[in-house]
Amino acid sequence: MAATLQWRCFLLLTLFISISSTPTEQQTLAQIPINFLSSAKTPELVDYMVSIRRRIHENPELGYEEFETSKLVREELDRLGIRYEHPFAVTGIVASIGTGGPPFVALRADMDALALQEAVEWEHKSKVAGKMHACGHDAHVAMLLGAAKLLQEHHSHDLQGTVLFVFQPAEEGGGGAKQMVEAGVVGTVASRAGPLLAGSGFFEAVITGKGGHAAIPHHTIDPILAASSIVVSLQHLVSREADPLDSQVTLLPHLRVACFVAFMIILKWIQFCFRW
């Protein structure tokens, strides 16, 4: 968590404190990111983020239901003296530090949890049955508040622009980002013609064969052999069918057989999941 925060802070400072004309000013400005990273390593800030994360982890909320999480964020922003606007997309918040003018950089954290039961027994386990922060959004919120705290308390006067802190609801399939954009959070966004960002897709398949004993393989249809051939062939989509200058990846993250019976048994079916 601390390492991620330090990298975010470094990017912010190198973006906003590079406007200068003399060598002396450049040296002074070059020292600011170093001081910033030193501040990010303090035990006090780490303890602050850990405390925030644990409070949110204990009280997970699903998409567009993050009312207590949103309240916690607003209370912390009030305590830090950081201005913000609310609500966006029901529970969303946008805070800002800096001059209020360009250039702008936005840091974002999602706030929603998943509809899962937490099975791990520990001191800060979810207190809500059937809901859990299993995707790290509690840590995302904690890191974003940590970055806001650090910037506000130590370096807000150095900014030659504005940092936005976007707390977004409903990332887990609820279209929260779309709702935030439609609410005008990000303003005008530049793009270009042609492919720009990565896309992905997946499918699941079940190969059904005919089970039997390995001593009479001619009476069986081996689904594992068929699946192995499919897996190898799918890799050829990238290596032999696609333009080598295009960035593409194929992956077989999951392979499941019916069950293990014995070494001499040919199974009846096998299931796999393929992603690209």
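Per 5 Å bin, what is the whole-percent P(r) computed from every C-alpha pair distance within the range 44-132?
3, 12, 20, 22, 19, 12, 8, 3, 2, 0
If you take the alpha carbon radius of gyration of the range 67-115 and divide it by 2.2 N^0.38 Å, what ratio comes out, to two decimals?
In units of the globular-protein estimate, the range 67-115 measures up at 1.25.
Once you have the Kirkwood Rh of the range 158-245 from its Cα pairs, apply Stokes-Einstein at 37 °C and 0.692 mPa s and quote D in µm²/s.
170 µm²/s
Quote to one decimal, in nm, the extra length available between T24 and E75 on full extension: 0.36 nm per residue of separation minus the C-alpha distance between them.
Length gained between T24 and E75: 14.3 nm.
Of all the stretches in the chain, which is the longest one without any exposed loop site, taking trypsin sites (Lys or Arg not before Pro) in a DSSP loop (any state but H, G, I, E, B) with at most 14 other Cβ atoms within 10 Å?
Here the longest segment lacking exposed loop sites spans 193-276.
If eta is 1.002 mPa s and T is 20 °C, what Stokes-Einstein diffusion coefficient results for the range 31-92, Kirkwood Rh from Cα pairs, in µm²/s?
Approximately 158 µm²/s, per Stokes-Einstein.
About its Cα centre, how strong a charge dipole does the chain have in debye, to the nearest 20, once Lys and Arg get +1 and Asp and Glu get -1 at the Cβ?
520 debye
Please list, in chain and number order, the residues 5+ apart from G161 or on another chain whose amide H is under 5 Å from its amide H, with Hs placed from the backbone.
T99
Give a residue-ordered list of calculated ³J(HN,Hα) values for the range 61-77 (Karplus: 6.51 cos²θ - 1.76 cosθ + 1.60, θ = phi - 60°; whole Hz; x for Gly, Pro).
9, 7, x, 6, 10, 7, 5, 6, 4, 4, 5, 4, 4, 5, 5, 5, 5
Dipole size in debye (nearest 20) for the range 67-217 around its Cα centre, Lys and Arg Cβ +1, Asp and Glu Cβ -1?
Dipole about the Cα centre, nearest 20: 320 debye.
Check cross-link reach from K210 to the aspartates and glutamates: straight Cα distance under 16 Å, and skip same-chain residues fewer than eight apart.
Output for K210: D222.
Which of the lysines could a cross-linker bridge to K125, judged by Cα under 24 Å and excluding same-chain residues fewer than eight apart?
Cα-Cα hits under 24 Å: K71.
Once amide H atoms are placed 1.01 Å from N in the peptide plane, what residues at a sequence separation of 5 or more from F88, or on another chain, have their amide H within under 5 Å of its amide H?
For F88, whose amide H was placed from the backbone, the distant partners under 5 Å are I93.
Assuming R0 = 51 Å, what is the FRET efficiency of A226 and A190, from their Cβ-Cβ distance, to the nearest 0.05?
0.60
Where does the range 97-142 land on Rg/Rh, using Cα atoms and the Kirkwood Rh?
Result: Rg/Rh = 1.23.
V238 versus N35, label points 7 Å from Cα toward the beta carbon: distance in nm?
About 4.6 nm, to one decimal.
Under Stokes-Einstein, with the Kirkwood radius over Cα pairs standing in for Rh, what whole-number D in µm²/s applies to the chain at 20 °C and 1.002 mPa s?
95 µm²/s
Can you give the Rg to Rh ratio for the range 78-232, taking only C-alpha atoms and Rh from Kirkwood?
1.21
Under 5 Å between amide hydrogens, which residues at least 5 positions from D110 or on another chain qualify, with H placed 1.01 Å from N in the peptide plane?
HN-HN under 5 Å from D110: Q168.
Bear in mind these aren't lab numbers, they're just calculated from the coordinates by the rules spelled out. For clarity, every value in this text was computed on a predicted model and none was experimentally measured. Glycine gets a Cβ as well: all are built from the backbone with ideal geometry, and neighbour counts include every protein chain shown.
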